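Inspection log for the structure reproduced underneath, given as structure tokens.
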Amino acid sequence: MTYLDRILDDGTVRERWQEARWPVIGASDAAKLSKASSIPSYLRAKLSRESFHGNSYTASGHRWEPMMLAWAGIPQNVALFHSPQETGFAATPDGILRLADDRLLLAECKAKHGRIVNGPSLPEWRQLAWQFLVFPEADEIEFLWVEVIDGEMRTTEPKHLTVRRDDPKIVDLTAQILPIATELLAQLRLALEFERNIA
């Protein structure tokens, strides 16, 4: 089985992609997983099924993402993939490049509005840790960002940071979020099964 055999949804239809994400723990969910005591609130958020249709910031992200990926030479991705170990753990990296040895290089792109930053925020580090968990074929993720001031890039090129699987932050955050995500997924599955039974 390759990573291509683990596609939950190809991402070409937004509503269908959202439907595929509801019963799984995705990278954007993992970004929020900071405390085991907050699992009930994480579960309520998943069960609310509130569709997010975007705002000016997400529109700006869509504007800048293809440029960042082209600059890095990494093909864009919109598909949702599950982990080989757990179909309920999933992620949609912004970019995926298949390397010569069948390893993968992933990309995560961010547009930072009105801010100058040195790298990922803590939630973004969790998101990167989650993508490594879903993609054991990847040893590195290229974290790319642009700083947008008054609608324009502050620099002529994106900023970037190569994050490795063995980075101490990745190792520590994986150990922190995996037990929370495992319990959250178990509770989510029970809740969804209950919903199906009373429907």
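What's the extension gain from Glu152 to Asp139 if we count 0.36 nm per residue and subtract their Cα-Cα distance?
Result: 1.4 nm gained on full extension.
Using the Cα centre of the range 103-199 as the reference point, and only Cβ charges (+1 on K/R, -1 on D/E), how large is the resulting charge dipole? Debye, rounded to the nearest 20. Magnitude of the dipole: close to 120 debye.
Karplus-derived 3J(HN,Hα) values for the range 174-184, using 6.51 cos²θ - 1.76 cosθ + 1.60 with θ = phi - 60°, are 4, 5, 6, 8, 4, x, 5, 5, 5, 5, 4 Hz; glycine and proline are entered as x. Axis angle, to the nearest 10 degrees, between helix 56-72 and the longest C-alpha principal axis of the chain: 60 degrees.
Out of all DSSP beta bridges in the chain, what portion is antiparallel? Express it as a percent rounded to 5.
Working: 17 of 28 bridges.
Of those bridges, close to 60 percent are antiparallel.
Computed over the range 83-165, relative contact order equals 31 percent, with contacts defined as Cα pairs under 8 Å that lie 6+ residues apart. Between the C-alpha center of the range 32-48 and that of the range 122-147 there is a gap of 21 Å. Our analysis of the chain gives Rg over Rh at 0.96, with the two radii drawn from alpha carbon positions and Rh computed by the Kirkwood formula.
May I ask for the equivalent-ellipsoid semi-axes of the range 151-199, computed as the square root of five times each C-alpha gyration tensor eigenvalue and listed largest first in whole Å?
Working: eigenvalues 297, 85, 8 Å².
Result for the range 151-199: semi-axes of 39, 21, 6 Å.
Remark on Lys110: its backbone amide H falls under 5 Å from those of Leu144, Trp145, Val146, a criterion applied only to residues 5 or more positions apart or on other chains, H modelled at 1.01 Å from N. Could you let me know the centre-to-centre spacing of the range 149-199 and the range 65-80, using Cα atoms, in angstrom? Their Cα centres are 19 Å away from one another. Taking each residue as 0.36 nm, the span from Met1 to Asp102 lengthens on full extension beyond its C-alpha to C-alpha distance by 35.2 nm.
Charge dipole (Cα centre; +1 on Lys/Arg Cβ, -1 on Asp/Glu Cβ; no other charges) of the chain amounts to roughly 560 debye. The simple spin-label model puts a point 7 Å past each Cα toward its Cβ; for Ile198 and Val171 those points are separated by 4.6 nm.
Answer with one residue from Ala79, Leu4, Met153: the one whose Cα lies farthest towards the positive end of the charge dipole of the chain, charges on Cβ with Lys, Arg +1 and Asp, Glu -1. Going by the Cα projections, it comes out as Met153. Taking the range 4-28 and a reference point 7 angstrom along Cα→Cβ of Gln76, the backbone N atoms nearer than 19 Å belong to 9-18. Helix-only arithmetic for the chain: the sum of -39500 (n - 2.57) across DSSP H runs with n ≥ 4, divided by the residue total, places the mean residue ellipticity at 222 nm at -13500 deg cm²/dmol. Simple spin-label estimate for Ser41 and Gln187 gives 1.2 nm between the two label positions (7 Å along the Cα-to-Cβ direction from each Cα).
Coordinate-derived values only; no laboratory data. Computed from a predicted model, the values in this text were never measured in an experiment. Here the Cβ is made from the backbone with ideal geometry for all residues, glycine too, and neighbour counts use every protein chain on show.
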